[in-house]
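Before any comments, here is the structure.
The values are calculated or read from the model by the stated rules, or taken from the named source; none is laboratory data. Since we're looking at a predicted model, the values are computed, not measured. As a convention, Cβ positions derive from the backbone with ideal geometry for all residues, glycine included, and neighbour counts pool all protein chains shown. Note: areas computed on protein heavy atoms with side chains; ligands, DNA, RNA excluded. Shrake-Rupley method; radii C 1.70, N 1.55, O 1.52, S 1.80 Å.
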Amino acid sequence: MTIQTVSTNRSHGGVQGVYRHASQATGTDMVFSVYVPPHADGARLPVVWYLSGLTCTHANVTEKGEFRRACAELGLIFVAPDTSPRGPDVPGDANNAYDFGLGAGFYVDATEAPFARNYRMWSYVTDELPKIVSGNFPLDARRQSIMGHSMGGHGALTVALRNPHRYRAASAFAPIVAPSQVPWGIKALTGYLGPSKEAWRSHDTVALIEDGAKYSGFLVDVGEADNFLKEQLKPELLQAACTKANIPLTLRRQPGYDHSYYFISTFMSDHLRWHAERLKG
Ligand SMILES: N[C@@H](CCC(=O)N[C@@H](CS)C(=O)NCC(=O)O)C(=O)O
């Protein structure tokens, strides 16, 4: 499992790197970023996985997420994968839309042709990439947590709900909480998993909770000026599901904030502190 270094830059006393590798899961080259904070020789550090939203690569959060100062202070490794396979042979949206295909893998393993061959982002982020990062960076695999934005918030919450012992904390910015019920999700899950809604439930946060998944609690921030809030995000559905299932949810509605990285970067350090608290010891 060799990785190629694309770039490294010293930042806040640690190293921000970008790396490329040949992925067995997706059958393509994949690029990801890792920030390693300053640390003592031989130390093993907790890791926060960050899953990005539609149209993003690793670069959006790496360049605009403003996570490094807090990660350096708290001693957290921060990993940001891409959001889909890419390459000349990878099929995308028939009309080149931004919400399906390239940049829009939705963190599922597709079962439908022609996507099933490459679109295996669930396996990539939960299995292959963790092994690669563990083999190449000083992480403590007992102390992992996960967060994400929008489509990546959906990814983070579903990954955490299905692996509650591996990820000690989960949080999200503006997550898609019920993809089976909103246009972005219905399009993606139909395309990747086929028309049977039963197959969608294990990739839908609200459905997973309705079906009995448990978690220690979530921190979720949404912007009240987010154009996607009412039609695509619907945080009220997560609130109702968590209340019914007795899952602690801290849902913060931030007045005036939109869907962008100006919003995410404002609350990033709150989220990292919340993760660090749960990754201690
Ligand atoms: N306005 C975008 C909609 C997609 C979007 O807002 N993507 C969010 C994630 S769901 C994002 O992070 N975009 C990249 C960025 O802001 O850097 C478009 O039409 O392309």
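For region 83-118, enumerate the residues that are among the charged types (D, E, K, R) and away from the ligand (no atom under 16 Å from the Cβ). If you could, list the steps in order and put the result at the bottom.
The first filter runs over region 83-118 and keeps only residues among the charged types (D, E, K, R), leaving 86, 89, 93, 99, 109, 112, 117.
Correct list: ASP89, ASP109, GLU112, ARG117.
For residues in region 163-198 being polar (S, T, N, Q) and open to solvent by 10 Å² or more (accessible area, probe 1.4 Å), which is nearest to GLY65 (Cα to Cα)?
ASN163
Assess whether THR2 counts as being in contact with a strand residue (DSSP E or B) (Cβ under 8 Å, 6 or more places away or on another chain), hydroxyl-bearing (Ser, Thr, Tyr), in a loop (DSSP other than H, G, I, E, B) and away from the ligand (no atom under 16 Å from the Cβ).
yes
Looking only at helices (runs of 4 or more DSSP H) that lie completely in region 119-208, which have at least 2 residues being within 16 Å of the ligand (Cβ to nearest atom)? Please lay out each step first, then the result.
Numbers: elements: 129-136, 151-162, 183-193.
Those helices (runs of 4 or more DSSP H) span 151-162, 183-193.
With within 15 Å of ASP82 (Cα to Cα), modelled with pLDDT of 95 or more and not in a strand (DSSP E or B) as the only criterion, which of GLY17, GLY27 stands out?
GLY27
Working carefully through the options ASP89, ASP99, find the one that is touching a Leu at 6+ places or on another chain (Cβ under 6 Å), part of a loop (DSSP other than H, G, I, E, B) and open to solvent by 10 Å² or more (accessible area, probe 1.4 Å).
Details: ASP89 fails: touching a Leu at 6+ places or on another chain (Cβ under 6 Å).
Within the list ASP89, ASP99, the selection yields ASP99.
If the Cβ limit is 7 Å and pairs must be 6+ apart or interchain, which residue in region 49-67 that is within 22 Å of TYR124 (Cα to Cα) and open to solvent by 30 Å² or more (accessible area, probe 1.4 Å) pairs with which residue that is near the ligand (Cβ under 6 Å from one of its atoms) and in a strand (DSSP E or B)?
Qualifying pairs under 7 Å: none.
Condition check: in contact with a helix residue (DSSP H, G or I) (Cβ under 8 Å, 6 or more places away or on another chain) and within 14 Å of the ligand (Cβ to nearest atom). Does TYR262 satisfy that?
Working: in contact with a helix residue (DSSP H, G or I) (Cβ under 8 Å, 6 or more places away or on another chain): no; within 14 Å of the ligand (Cβ to nearest atom): yes.
Here the answer is no, as TYR262 does not meet what is asked.
Restricting attention to region 226-241, does a residue exist that is within 24 Å of LEU54 (Cβ to Cβ), more than 16 Å from the ligand (Cβ to nearest atom), in contact with a Leu (Cβ under 7 Å, 6 or more places away or on another chain) and open to solvent by 50 Å² or more (accessible area, probe 1.4 Å)?
yes
Quick one: would you say GLY14 is touching a strand residue (DSSP E or B) at 6+ places or on another chain (Cβ under 7 Å), open to solvent by less than 10 Å² (accessible area, probe 1.4 Å) and more than 23 Å from MET151 (Cα to Cα)?
Values: touching a strand residue (DSSP E or B) at 6+ places or on another chain (Cβ under 7 Å): yes; open to solvent by less than 10 Å² (accessible area, probe 1.4 Å): yes; more than 23 Å from MET151 (Cα to Cα): yes.
In short, yes.
Every residue in region 224-276 that is in contact (Cβ under 8 Å) with a residue 24 or more places away in the chain and among the β-branched types (Val, Ile, Thr), please.
Answer for region 224-276, where residues must be in contact (Cβ under 8 Å) with a residue 24 or more places away in the chain and among the β-branched types (Val, Ile, Thr): ILE247, THR250, ILE264.
Output the residues belonging to region 127-148 that are open to solvent by less than 10 Å² (accessible area, probe 1.4 Å) and not hydrophobic (A, V, I, L, M, F, W, C).
Result: SER145, GLY148.
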